[in-house]
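Novice: Take this structure, written in structure tokens, and hold onto it; I'll ask about it next.
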Amino acid sequence: MPSQEEPPEFSDPNLKKPKKLSPEHLNDAQKAVNVLGLDLVTRAYSKNWAHRGNALVQLRDILESHPESPKSDTRALWRAAIKVVERTLKDNVYQVFNLSVKVLKQLISDFAIKHRVTKGDMIFGVEKSMPILISKTGETINHQMQKLAKEFIVDLAMLPTVKPLALVPQHCVKPFSSTVAAKLGTSRCEIVENLLIALPIRDGSGFTVDNVMKFSREALQHSSGDVRNVAENIITALYKDYSKQVRKYLPPDTETARKKLKYRKLFQMFDEIDGKPSPEAEKVVLGY
């Protein structure tokens, strides 16, 4: 397949050659160097963002033109490519991050299907990528990057090569502490909320009442109202189908519990779903 033109944002006729890899970086990326060559990997590790972008352009072209070959060669290329993308996904330059996402999708969809990448290697790729993608959803400076990360996680979960693994939902519902940044906490809750629409709770989806409620229960403890609001949305949506199970993860519905705003709001929404007046509404009617 012919090589694609270099994206204009990475074109610079005056761009100097990248500096040599440091011994530390060379040691870290030696296997990738053996497969992809020193030039590409050196660019991927460069401090110059244009070099990093050019490395991804080279990698994309290598993946597109890779012929049918022994499984060992394909596996080596897969792991080397994941190593490079794992590095560039951390990039703070949007153009580089954007192309990293595109190359990762190319790897996990088209390349994986064409070359029959094994389940074990698919798991390896997803496990390496998800923590970085999740961290990017908390981006506070570049909102474009944050939006792309959130959208791609949902997209990744639905890919035919990834969906049966149920790994993306499992990563997304790992509980976070109450001290996590509000932006990251809100984004993580929104991703779970959106994924639950596309991947309802059922065997093999990666979501269970248990893991979703443990995640949401922790999110309810966050100091940010934005985080708590999305957690409440997740819990009430779950309550419509799993009311008895959901209540097991929350304090008993008592007057004492309802004195806390976060629980009062939840229990009032439960009352509404159940079609019964809340204690607070009854007191108003009775004139208490």
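Novice: Among the residues of the stretch 1-12, how many are open to solvent by less than 90 Å² (accessible area, probe 1.4 Å) and either among the acidic types (Asp, Glu) or modelled with pLDDT of 95 or more (or both)? It would help to see each step written out before you state the result.
Specialist: So the first thing to find is which residues in the stretch 1-12 are open to solvent by less than 90 Å² (accessible area, probe 1.4 Å), and the list is 3-4, 6-7, 9-12.
From what is left, the residues that are either among the acidic types (Asp, Glu) or modelled with pLDDT of 95 or more (or both) are 6, 9, 12.
Count: 3.
Novice: Do you know which residues across the stretch 225-246 are without any contact (Cβ under 8 Å) to a residue 12 or more places away in the chain and open to solvent by less than 70 Å² (accessible area, probe 1.4 Å)?
Specialist: GLY225, ASN229
Novice: Tally up the residues in the stretch 232-250 that are touching a helix residue (DSSP H, G or I) at 6+ places or on another chain (Cβ under 7 Å) and either at pLDDT below 95 or of a type in the set (Asp, Glu) (or both), please.
Specialist: Residues meeting the conditions: 1.
Novice: What are the residues in the stretch 27-59 that are open to solvent by 30 Å² or more (accessible area, probe 1.4 Å) and within 22 Å of PHE97 (Cα to Cα), if any?
Specialist: ASP28, LEU38, ASP39, ARG43, LYS47, ASN48, TRP49, ARG52, GLN58
Novice: So which residues in the stretch 114-131 are open to solvent by 20 Å² or more (accessible area, probe 1.4 Å) and farther than 16 Å from ALA76 by Cα, if there are any at all?
Specialist: GLU127, PRO131 - these are the residues of the stretch 114-131 that are open to solvent by 20 Å² or more (accessible area, probe 1.4 Å) and farther than 16 Å from ALA76 by Cα.
Novice: Taking the stretch 149-160 as the search range and keeping residues that are in contact (Cβ under 8 Å) with a residue 40 or more places away in the chain and open to solvent by 30 Å² or more (accessible area, probe 1.4 Å), which one is farthest from VAL227 (Cα to Cα)?
Specialist: Looking at the filtered set, the residue picked out is PRO160.
Novice: Name the one entry in LEU99, LEU15 that is over 30 Å from MET158 (Cβ atoms) and either open to solvent by 10 Å² or more (accessible area, probe 1.4 Å) or without any contact (Cβ under 8 Å) to a residue 24 or more places away in the chain (or both). Give the steps one after another, and end with the answer.
Specialist: Details: LEU99 fails: over 30 Å from MET158 (Cβ atoms).
On inspection, the qualifying residue turns out to be LEU15.
The values are calculated or read from the model by the stated rules, or taken from the named source; none is laboratory data. Owing to the predicted nature of the structure, the values given are computational and were not obtained by experimental measurement. A quick note on method: Cβ atoms are made from the backbone with ideal geometry, for glycine too, and the neighbour counts reach across all protein chains shown. To get the accessible areas, we keep the full protein, side chains included, count just its heavy atoms, and leave off ligands, DNA and RNA. Shrake-Rupley method; radii C 1.70, N 1.55, O 1.52, S 1.80 Å.
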